[in-house]
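Reading through the structure tokens given below for one structure.
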Protein chains: 2
Amino acid sequence: MDAVRARQEPIDLGPLPGLLGHLLRRAHGRMQAGFAEATSGRGVTASEFALLCLVEANPGITLGQLAQAAALDKSTLSPAMQRLTERQLVERQPVSGDRRTQALRLSPEGTALLPSLKASVDDYEGRMVSPLSEQERTTLLSLLRKLNGL
Amino acid sequence: MDAVRARQEPIDLGPLPGLLGHLLRRAHGRMQAGFAEATSGRGVTASEFALLCLVEANPGITLGQLAQAAALDKSTLSPAMQRLTERQLVERQPVSGDRRTQALRLSPEGTALLPSLKASVDDYEGRMVSPLSEQERTTLLSLLRKLNGL
DNA sequence: TATTGTTATACTCTATAACTATA
DNA sequence: TATAGTTATAGAGTATAACAATA
């Protein structure tokens, strides 16, 4: 194998800037990292934050309903809810008439924590979206909702 | 803990439809799953596909340059390139004048495989984006590029 | 000293399949 | 039989920090 010169030319991204999958991966990665930084020290991941929001908005929701709302498998949700329950942010109550299921709701601790998390998230979302104008941001959110069937 | 009734009301997504991070996570998840299905059997993941495209577009690129182009850490890329090298899709050549680095390029096998992968990816992207009009798709890609600083 | 790439390690997110308890 | 939730297992994606070789 002969030795060659290293590449000097500017990098060509090829087809990647035209691929939705690639652009979503990059954007998602940046948002994940930004979320972690914005909420560091409070020990709630981005996925867990979404679950807390859903439980808050739907007190008494069951794990199966939550799975559908979050577009996740129940086997993904089950351990996630265990962590949130162990951290005492979410409580489970028995449901009369069906002992297989449990009604989920925020604990007082969860209720107390969520507003400050929401404030941090709003703040970090604003920073991450700052390359876009207000109208572009609105359009982007709208198109992503449509893409997700929401 | 008293037993309560399970929630009957329709699910409320709360603030999530307005959060870019959440919408990106959902969209990215769907795209990942779609990619895996569209390319199943060929043993290349979405990340690996992106790397193959970058190597194809920039023959002789080094790992460090590739990391920058893909917006990934070198420690993420190193094992990924090992897999691609072991699978004989990418070759490494010594670089004259700097024995620390290696020039990357597609192998004949990689060169032969990539077009069919690209065709499958184009096809699956088209299917995933079908809820959007052609113009909406263009707008979405453009906004995501801007968000990513591309 | 600084840089390139590798490795050890760890964390997050997610799913499939098999299982338990209950309906 | 069917459903709600749990568990075992696995795979993908990513990063930080310490390292070896080289510059």
request  = Answer with yes or no whether residue B:84 is more than 7 Å from chain A (Cβ to nearest Cβ), within 13 Å of DNA strand D (Cβ to nearest atom), touching a Gly at 6+ places or on another chain (Cβ under 9 Å) and under 24 Å from residue A:35 (Cβ atoms).
outcome  = no
ask   = Of the conditions (1) at the interface with chain A (Cβ under 9 Å from one of its Cβ atoms); (2) more than 19 Å from the chain's Cα centre (by Cα); (3) more than 25 Å from residue A:36 (Cα to Cα), residue B:49 fails just one. Which one is it?
value = (2)
request  = Find all pairs meeting these conditions: Cβ atoms under 6 angstrom apart; at least six residues apart or on different chains; first residue within segment B:10-38 and closer than 22 Å to residue A:35 by Cβ and within 16 Å of DNA strand D (Cβ to nearest atom); second residue open to solvent by less than 40 Å² (accessible area, probe 1.4 Å) and among the aromatic types (Phe, Trp, Tyr).
outcome  = B:21/A:35
ask   = Of all helices (runs of 4 or more DSSP H) completely enclosed by segment A:3-88, which ones contain at least 1 residues that are of a type in the set (A, V, I, L, M) and open to solvent by 50 Å² or more (accessible area, probe 1.4 Å)?
value = A:20-38
request  = Answer with yes or no whether residue A:134 is closer than 25 Å to residue A:30 by Cβ, more than 11 Å from chain B (Cβ to nearest Cβ) and open to solvent by 20 Å² or more (accessible area, probe 1.4 Å).
outcome  = yes
query = Considering segment B:97-116 alone, what residues qualify as being within 11 Å of chain A (Cβ to nearest Cβ) and open to solvent by less than 70 Å² (accessible area, probe 1.4 Å)?
reply = B:98, B:101, B:103, B:104, B:105, B:114
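The values are calculated or read from the model by the stated rules, or taken from the named source; none is laboratory data. Note that the structure is predicted; figures quoted are calculated from it, not measured. As a convention, Cβ positions derive from the backbone with ideal geometry for all residues, glycine included, and neighbour counts pool all protein chains shown. Surface accessibility is based on the protein's heavy atoms, side chains included, excluding ligands, DNA and RNA. Shrake-Rupley method; radii C 1.70, N 1.55, O 1.52, S 1.80 Å.
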